[in-house]
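Below are the structure tokens for one structure; questions will follow.
The values are calculated or read from the model by the stated rules, or taken from the named source; none is laboratory data. It should be emphasised that the depicted structure is a prediction, and the values quoted were computed from it without experimental measurement. Every residue, glycine among them, receives a Cβ derived from its backbone with ideal geometry; neighbour counts consider all protein chains shown. All accessible areas refer to the heavy atoms of the entire protein, side chains included, with ligands and DNA or RNA removed. Shrake-Rupley method; radii C 1.70, N 1.55, O 1.52, S 1.80 Å.
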Amino acid sequence: MPATHDVIILGAGAAGLFCAGLAGQRGKRVALLDHADAPGKKILISGGGRCNFTNLHTGPERYLSENQHFARSALSRYTPADFIALVERYGIAWHEKTLGQLFCDGSAKQIVAMLLEECRAGGVDLRCGLPVSAVEHADGLFRVGFGAETLAAPALVIATGGSSIPKMGASGFAYDLARRFGLKVVQPRPALVPLTLTGEDALFRELSGVSAEVVASAGKQRFREAALFTHRGLSGPAILQVSSYWRPGESIAIDFLPDLAPGWLAAAKRERPRVHLPRVLGALLPERLAVRLGEQLAIGAELGNTADRALREAEARLAAWRFTPNGSEGFAKAEVTAGGISTAGLSSRTMGATAVPGLHAIGEAVDVTGWLGGYNFQWAWASAHAAATALADFS
Ligand code: FDA
């Protein structure tokens, strides 16, 4: 069977759509296939419906990967400024919310419409709503069964994402396919995900709905953002960030009062010796949280009658409160999947498999996982751009 296309891209999400449009506009005959009934579904629900499409502070250090340097090449050749220029070309209004995070003023639908228009301009053959039944590779051609048809091309791009949110059609498809082509897969795990608490820590679940700005840390990684107590444990941006670095069995630490310098409790003792600890905490933290922390610290006496050592210990606990999560809310609630197709078998310039000419992998399917805040979409755009550029040169 002769080639029907120059490139077949599996997965019409952020990375697949962007790669298809670019390769199509560079003269490639592109087929873009997705088993979902419509393209770009995760984009539509992202950023609370406004799509946090990039982050101004993008850099390889804001990504997790077994190879910390892998993302550098693609990220430096397609930057947030490049994507902003595209967004502006389409007249999509945007704003910076916080911490370099850029959102649409209007709706994530505008980003999907833009990507679809880019595909249209590239003459992309987009097909949705049927299963990819088989993928074969022989005589320099990849043959892909899609519904009742078979398509063939000398290049194949895996852009089917990670395992997060199976309800939306996510699957381990990319990993199975990659393994069949001899690529290694770094054990996928939920990331940017709420953590669950049991045992002693479960007392904090009673604070469901309470949030506070904290510094949360897992190992050396520290994030200053809001933490939220939930009926299952901990969530909020600070917790989602550390969840990507947390491993089962480990603890995380929370600094509930990151703005206070050491010795602040001793100073409070001198200024207000008659006051009790929960009262002091109540002026600094949400009431219910202050009460719970006060109970746990169990300093019953007035500050004036409490030894300085006990106050220093209380301060130290408040600055690094240990929680040992018993798990996370899993792929059902994880914003992304960490791990994935190992970068060891991929070129960082082309996203191509070094051992299988014509095969590429991009986006979340690859073992490159960004922080919360637009970094994952920037990786989708940058890795897609790297692959499309290489495909345009591939004859
Ligand atoms: P993506 O998941 O977008 O696309 C994969 C495509 O492959 C899907 O269309 C799927 O249907 C298809 N597919 C899967 N299996 C297949 C199969 N077997 N056959 C055919 N097709 C198949 N990131 C960010 O930077 N800013 C943000 O605001 C958010 N917000 C956000 C909110 C929520 C609720 C979630 C779950 C995630 C985010 N993210 C995010 C993360 C971001 O959505 C994610 O990293 C990118 O969509 C990844 O793009 P990909 O194209 O790699 O995968």
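Considering only residues of the range 37-47 that are outside any helix (DSSP H, G or I) and open to solvent by 20 Å² or more (accessible area, probe 1.4 Å), which is nearest to the ligand (Cβ to nearest atom)?
By that ranking, first place goes to Pro39.
Yes/no matrix, rows are residues, columns are (1) over 18 Å from His385 (Cα atoms); (2) in contact with a strand residue (DSSP E or B) (Cβ under 6 Å, 6 or more places away or on another chain):
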position: Gly48; (1), (2): yes, no
position: Cys51; (1), (2): yes, yes
position: Asn55; (1), (2): no, yes
position: Ser65; (1), (2): yes, no
position: Leu75; (1), (2): no, no
position: Tyr78; (1), (2): no, no
position: Ala81; (1), (2): no, no
position: Leu86; (1), (2): no, no
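Working carefully through the options Ser328, Ser342, Ser383, find the one that is under 16 Å from the mean Cα position of the chain (by Cα), under 24 Å from Ser243 (Cβ atoms), of a type outside the set (Asp, Glu) and away from the ligand (no atom under 12 Å from the Cβ).
Among Ser328, Ser342, Ser383, only Ser328 is under 16 Å from the mean Cα position of the chain (by Cα), under 24 Å from Ser243 (Cβ atoms), of a type outside the set (Asp, Glu) and away from the ligand (no atom under 12 Å from the Cβ).
Let me ask something additional. Give the residues of the range 197-215 that are exposed (fewer than 13 other Cβ atoms within 10 Å of the Cβ) and either touching a His at 6+ places or on another chain (Cβ under 7 Å) or at pLDDT below 95 (or both), sorted by residue number.
Those that are exposed (fewer than 13 other Cβ atoms within 10 Å of the Cβ) and either touching a His at 6+ places or on another chain (Cβ under 7 Å) or at pLDDT below 95 (or both): Gly199, Glu200, Leu203, Glu206.
Would you check which residues across the range 1-26 are crowded, with 23+ Cβ neighbours inside 10 Å and in a loop (DSSP other than H, G, I, E, B) and list them?
First, pick out the residues of the range 1-26 that are crowded, with 23+ Cβ neighbours inside 10 Å: 7-24.
Scanning the range 1-26 gives Gly11, Ala12, Gly13.
Only one of Ala191, Ala178 is under 21 Å from Gly345 (Cα atoms) and either in the same structural domain as Met351 (by TED's automatic domain parsing) or of a type outside the set (Asp, Glu) (or both). Can you tell me which?
Numbers: Ala191 fails: under 21 Å from Gly345 (Cα atoms).
After ruling out the rest, the residue left standing is Ala178.
Given the criterion more than 18 Å from Asp201 (Cα to Cα) and surrounded by fewer than 19 Cβ atoms within 10 Å (Cβ to Cβ), identify the matching residue among Glu302, Glu329. If you could, list the steps in order and put the result at the bottom.
Details: Glu329 fails: more than 18 Å from Asp201 (Cα to Cα).
Unique residue meeting the criteria: Glu302.
Could you check the range 345-377 and list, in sequence order, the residues that are within 9 Å of the ligand (Cβ to nearest atom), more than 15 Å from Pro188 (Cα to Cα) and out of contact with any helix residue (DSSP H, G or I) (no Cβ under 6 Å at 6 or more places or on another chain)?
Of everything in the range 345-377, those that are within 9 Å of the ligand (Cβ to nearest atom), more than 15 Å from Pro188 (Cα to Cα) and out of contact with any helix residue (DSSP H, G or I) (no Cβ under 6 Å at 6 or more places or on another chain) turn out to be Gly373, Gly374, Asn376.
Okay, next question. With the structure loaded, tell me whether Leu141 is surrounded by 13 or more Cβ atoms within 10 Å (Cβ to Cβ) and closer than 22 Å to Arg349 by Cα or whether it fails that test. Don't jump to the end; show me each part of the working.
Numbers: surrounded by 13 or more Cβ atoms within 10 Å (Cβ to Cβ): yes; closer than 22 Å to Arg349 by Cα: no.
No: the conditions fail for Leu141.
I'm trying to understand the selection: among the residues of the range 144-182, which are surrounded by fewer than 16 Cβ atoms within 10 Å (Cβ to Cβ), near the ligand (Cβ under 8 Å from one of its atoms) and not aliphatic (A, V, I, L, M)?
Ser171
If the requirement is being surrounded by 18 or more Cβ atoms within 10 Å (Cβ to Cβ) and either in a loop (DSSP other than H, G, I, E, B) or touching a strand residue (DSSP E or B) at 6+ places or on another chain (Cβ under 7 Å) (or both), which of these qualifies: Leu240, Leu265, Leu260, Leu228?
Leu228
Continuing with this model, one more query. Restricting to the range 54-69, give me the number of residues that are more than 15 Å from the ligand (Cβ to nearest atom) and touching a Ser or Thr at 6+ places or on another chain (Cβ under 6 Å).
Total satisfying the criteria: 1.
Gly339 - would you say it is out of contact with any Cys (no Cβ under 6 Å at 6 or more places or on another chain), surrounded by 12 or more Cβ atoms within 10 Å (Cβ to Cβ) and assigned by TED's automatic domain parsing to the domain that holds Gly363?
Considered against the rule, which asks whether it is out of contact with any Cys (no Cβ under 6 Å at 6 or more places or on another chain), surrounded by 12 or more Cβ atoms within 10 Å (Cβ to Cβ) and assigned by TED's automatic domain parsing to the domain that holds Gly363, Gly339 comes out as yes.
Another one. Which condition number does Asp34 fail, the rest of (1) more than 30 Å from Asp176 (Cβ to Cβ); (2) of a type in the set (D, E, K, R); (3) within 10 Å of the ligand (Cβ to nearest atom) being met?
Answer for Asp34: the failing condition is (1).
List pairs: first residue in the range 355-371 and buried (at least 24 other Cβ atoms within 10 Å of the Cβ), second residue charged (D, E, K, R) anywhere in the structure, Cβ distance under 7 angstrom, at least six positions apart or on different chains.
If the second residue must be charged (D, E, K, R), the pairs left are Asp367/Glu66; Gly370/Arg62; Trp371/Arg62.
From the list Arg50, Arg29, exactly one residue is farther than 16 Å from Val366 by Cβ, away from the ligand (no atom under 14 Å from the Cβ) and open to solvent by 60 Å² or more (accessible area, probe 1.4 Å). Which is it?
The match here is Arg29.
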